[in-house]
Amino acid sequence: MLSRVADALYWMARYSERTETNAHILQVQLLNMLEQSGNEHEYLDHWEAILDICASKEEFMSSYEVIRVNPLIEYLLFSENNSNALHATLRAIRENARITRDSIPIELWELHNAFYLYMQQEIMVRERPFPLISLHYFLHNVRKTSLTVTGLIEDSMERDLPFYFMQVGKWLERAEKMMRMMLIMLEQQKKMTSKWTDVDGTFLLDLSKATESFHRKYPQPKLMYVMQYILQDEHFPRSIMVCLKKLEEAFIHIEKNQVAARFLALNTSLKALLTAIHDIDISSSSLEEVIFLMEERLCQCIDFGHAFSTIYHLYEPSLQA
């Protein structure tokens with residue numbers, strides 16, 4: 001398979017995962033904002049966390065003096081200055097799908113193309129600032145389309161190189177995002193006066209789509225229990241452990257020569273990351289120790305992604321093109 005095709009498949013999957021997750025996170029926060037009416041300080045703290053998870057707070061603050069909801073929503077959804085805005089990532093998905101039309105089901109290309117054109121129309125006709133009900137409907141459509149895409153891929157694609165390059169992109173993106181999400185939640189706790197082991201983890205459960213599955217197994221949503229669950233549960237499909245095992249499976253299907261130097265180099269680093277995640281014990285660690293551990297694990301995950309991209313010549317394109 002040509003490296004430019006592998007490149008487009010890999011990044012299409014990463015942007016698809018990023019888009020669906022960011023749309024979900026924004027939906028959660030919009031609902032939280034309505035429920036916290038009258039408690040502006042709390043929901044602005046949450047918006048700051050959302051900004052860190054979905055984009056760059058430093059980049060946003062270089063253009064805006066303070067965090068205000070309507071400019072922040074516009075920035076996260078449609079700003080040409082934000083490379084992770086939904087508008088930008090949906091455009092990148094569509095462009096990568098166009099490049100790889102011969103390697104993916106035709107329905108997949110048609111779905112990405114049609115949704116991008118719909119989104120363009122939505123942006124042009126909607127008033128600013130967007131009414132909350134319109135935003136909710138728009139984000140619902142983004143997520144619905146993303147779930148349809150997942151179903152098409154699982155049901156229609158042959159288990160060959162195109163499929164597995166997309167799988168690496170998907171699971172690597174998800175693992176990085178979940179680690180970043182937890183790290184930002186921990187960083188916020190440094191500002192609080194309460195003991196971090198007593199902090200409620202409901203917001204993190206909602207952001208990570210873990211609320212229902214967690215409560216089926218555990219009664220108390222304390223942050224430390226929630227984080228241990230997201231890190232190590234072997235059945236929750238968004239846990240770091242599951243993401244890394246799926247990533248390992250896809251990588252093995254791509255690189256069948258398991259004595260090749262590039263396989264050994266990448267597999268060794270991935271195994272080390274899996275072991276490190278398995279060995280984390282949050283209950284016996286201080287907040288500073290957990291932050292340090294999560295920073296190290298996130299760096300390991302990012303380093304694996306860079307190494308994989310370098311070996312297979314998968315270089316992220318400019319989203320502003």
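The values are calculated or read from the model by the stated rules, or taken from the named source; none is laboratory data. Small disclaimer: the values here were computed from a predicted structure and weren't measured. We place every Cβ from the backbone using ideal geometry, glycine too, and count neighbours over all the protein chains shown. In case anyone asks, the SASA skips ligands and DNA or RNA and just uses the protein heavy atoms, side chains included. Shrake-Rupley method; radii C 1.70, N 1.55, O 1.52, S 1.80 Å.
Just a few scattered comments:
- Where a residue in region 195-219 is over 20 Å from R238 (Cβ atoms) and its partner, wherever it lies, is among the charged types (D, E, K, R), with Cβ under 9 Å and at least six apart: W196/K190; T197/K222; D198/K222; V199/K222
- Residue count for region 240-279, restricted to those that are surrounded by fewer than 17 Cβ atoms within 10 Å (Cβ to Cβ), of a type in the set (V, I, T) and in contact with a helix residue (DSSP H, G or I) (Cβ under 7 Å, 6 or more places away or on another chain): 0
- Unique match (being assigned to a helix (DSSP H, G or I) and either without any contact (Cβ under 8 Å) to a residue 40 or more places away in the chain or within 26 Å of A85 (Cα to Cα) (or both)) among F304, F251: F304
- Residues in region 113-157 that are free of Cβ contacts under 8 Å to residues at least 24 places away in the same chain, open to solvent by 30 Å² or more (accessible area, probe 1.4 Å) and either among the aromatic types (F, W, Y) or under 24 Å from M33 (Cα atoms) (or both): Y118, R126, E127, P131, I133, Y137, K144.
- Assessment of region 21-37 against the conditions (within 17 Å of M166 (Cβ to Cβ), touching a residue at least 24 places away in the same chain (Cβ under 8 Å) and outside any loop (DSSP other than H, G, I, E, B)) yields at least one matching residue.
- Of the helices (runs of 4 or more DSSP H) lying entirely inside region 58-169, those carrying at least 2 residues that are out of contact with any Phe, Trp or Tyr (no Cβ under 7 Å at 6 or more places or on another chain) and among the small types (G, A, S) are 132-156.
- Subset of region 12-34 that is more than 20 Å from F203 (Cβ to Cβ) and of a type in the set (A, V, I, L, M, F, W, C) - its residue that is surrounded by the fewest Cβ atoms within 10 Å (Cβ to Cβ): A13
- Cβ pairs under 6 Å, 6+ apart, first in region 90-112 and under 14 Å from T150 (Cα atoms), second open to solvent by 90 Å² or more (accessible area, probe 1.4 Å) and of a type outside the set (V, I, T): W109/R101
- Members of region 254-284 that are of a type in the set (K, R) and either in contact with an Asp or Glu (Cβ under 6 Å, 6 or more places away or on another chain) or not in a helix (DSSP H, G or I) (or both): K256
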